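Below is one structure, written out as C-alpha cells, with a few remarks after it.
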Amino acid sequence: MRRAFPVLLLVFALVPAAAGTGATKVKKVGIYDNYYSPAKLKVKVGTTVKWVWPNDTGDTHDVNLGRRPKGVKPFSSELVAVGYTFKRKLTKPGTYHIYCSLHDEMKMTIKVVR
C-alpha cells in the first residue's frame with residue numbers, strides 16, 4: 001500500500017492538468033446529393049472540420065479549398081462516392097470557401113474566428 005499511495009497521488013495531481021488542456025473540437029459536415037450540410041459554418045481557430053460521405057450509394061464528390069485566408073495552403077480530398085471521411089484542422093482566422101470539383105453548385109463557406 002505504501003507504494004500505491006505515491007502513484008495514486010501523482011495520478012490525481014496530473015488529471016486536472018490534462019483536463020485543462022481542452023479537447024480538440026471537431027465539427028461534422030455531411031456530404032449529400034450535390035450539397036454539403038451545413039452549407040455555412042462558423043468555428044473557432046483550431047477546430048477540425050470532418051467531412052463525411054454516406055455509407056450507402058451516392059454520387060462521387062470531393063472537398064477542395066478555393067479562396068482562403070492569406071498563408072493557408074490549399075487542400076483537396078480524394079474523389080469518392082461512399083464511406084469516406086476527410087478532415088482538416090483550421091488554424092487561421094478568416095473565410096474558407098469549399099467546393100466540389102464535379103458539381104458547380106456544391107459549395108460551402110467556413111468562417112474561422114478567434
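Full-extension gain between Thr48 and Val26, please, as 0.36 nm times their residue separation minus the C-alpha to C-alpha distance.
Numbers: separation 22, 0.36 × 22 = 7.92 nm, distance 0.47 nm.
7.5 nm is the gain from fully extending Thr48 to Val26.
Suppose the chain between Ala39 and Val82 were pulled fully straight at 0.36 nm per residue; how much longer would it get relative to their current alpha carbon spacing? Intermediate results must be reported in sequence, preceding the final value.
Working: separation 43, 0.36 × 43 = 15.48 nm, distance 1.95 nm.
Additional length available on full extension: 13.5 nm.
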Net charge (Lys, Arg +1; Asp, Glu -1) of residues whose beta-carbon lies under 12 Å from that of Val80, Val80 excluded, is -3
Taking max minus min of the Cα coordinates of the stretch 23-113 on each principal axis, largest first, gives extents in Å of 35, 29, 19
In the stretch 18-114, the chymotrypsin sites (Phe, Trp or Tyr not before Pro) that sit in a DSSP loop and have at most 16 other Cβ atoms within 10 Å of their own Cβ are Phe75
Scoring only Lys, Arg, Asp and Glu (+1, +1, -1, -1) among other residues with Cβ under 9 Å from the Cβ of Asn34 yields -3
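No value in this document is a laboratory result; all are computed from the given coordinates. Quick caveat, the model's predicted, so the values are computed rather than measured. Cβ sites come from the backbone with ideal geometry, for glycine too, and all protein chains shown count toward neighbours.
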